[in-house]
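Q: After the structure tokens below, expect a handful of questions from me.
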Amino acid sequence: MRCTEAATLRRIVELPIWDIAVQTEGRARLRIAAYAATLDDPEMRDALALNAWEENRHKEMLSRMVQVYGIELVSEPPYVYPKDPKWAYLVTGYSECVDSFFAFGLFELARRSGLFPPELIDTFEPVMQEECCHILLFANWIA
């Protein structure tokens, strides 16, 4: 491994976000799926079920990625089914908007500065595109 590759790996491994990212995706999946299960409208129920499935895929992708980079995660807490699925979806939807604002900015700064290798940025680009779709779905649901 070259010096620059070792430095890049160290920067990625030392970011204190990986546990939070994996757990956030896990909670989002459960909350969105819980709300979807309460809906009578089959199209909205299916759209939210797909949203939940994508959140789970993001969680799995992050979990596998950190393994490849040798990042150790803390044990995940149990994911608790929400008492009020609609409220949980509301909180999750607004959280996605805020989280994505900062995540998109972080990845753009990382791309421009070279903080993350292009391969890592490219890996997350489809995830960021899906998160945009999730935000649009949520914003339209609110409207």
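The values are calculated or read from the model by the stated rules, or taken from the named source; none is laboratory data. Given the structure is predicted, the values throughout are model-derived calculations rather than measurements. In this analysis, Cβ positions are derived from the backbone assuming ideal geometry, glycine residues included, and neighbour counts consider all displayed protein chains.
Q: Only one residue in Leu73, Leu9, Leu50, Leu39 is more than 21 Å from Glu131 (Cα to Cα), modelled with pLDDT of 95 or more and either within 16 Å of the chain's Cα centre (by Cα) or surrounded by 14 or more Cβ atoms within 10 Å (Cβ to Cβ) (or both), so which one is that?
A: Just one listed residue meets the conditions, Leu39.
Q: Here is a further query. Pairs under 6 Å by beta carbon, first residue touching a residue at least 12 places away in the same chain (Cβ under 8 Å) in segment 71-93, partner part of a loop (DSSP other than H, G, I, E, B) and crowded, with 17+ Cβ neighbours inside 10 Å, six or more apart or different chains?
A: Ala88/Pro82
Q: What's the number of the only condition in (1) more than 19 Å from Trp18 (Cβ to Cβ); (2) modelled with pLDDT of 90 or more; (3) in contact with a helix residue (DSSP H, G or I) (Cβ under 8 Å, 6 or more places away or on another chain) that Leu136 fails to meet?
A: With (1) more than 19 Å from Trp18 (Cβ to Cβ); (2) modelled with pLDDT of 90 or more; (3) in contact with a helix residue (DSSP H, G or I) (Cβ under 8 Å, 6 or more places away or on another chain) applied to Leu136, the lone miss is (3).
Q: Would you mind stating whether Glu14 is surrounded by 15 or more Cβ atoms within 10 Å (Cβ to Cβ) and among the charged types (D, E, K, R)?
A: no
Q: Determine, yes or no, whether Arg31 is out of contact with any strand residue (DSSP E or B) (no Cβ under 7 Å at 6 or more places or on another chain), of a type in the set (D, E, K, R) and under 27 Å from Leu120 (Cβ atoms).
A: No, not satisfied.
Q: Could I ask something else about it? Taking the criterion of being assigned to a helix (DSSP H, G or I), acidic (Asp, Glu) and either closer than 13 Å to Leu62 by Cβ or touching a Leu at 6+ places or on another chain (Cβ under 7 Å) (or both), would at least one residue in segment 1-18 satisfy it?
A: no
Q: Could you look through segment 96-130, keep only residues that are in a helix (DSSP H, G or I) and in contact (Cβ under 8 Å) with a residue 40 or more places away in the chain, and pick out the one that is farthest from the chain's Cα centre (by Cα)?
A: Leu120
Q: A further question on this structure: Within segment 12-36, track down each residue that is within 11 Å of the chain's Cα centre (by Cα), small (Gly, Ala, Ser) and within 13 Å of Tyr79 (Cα to Cα).
A: Gly26, Ala28
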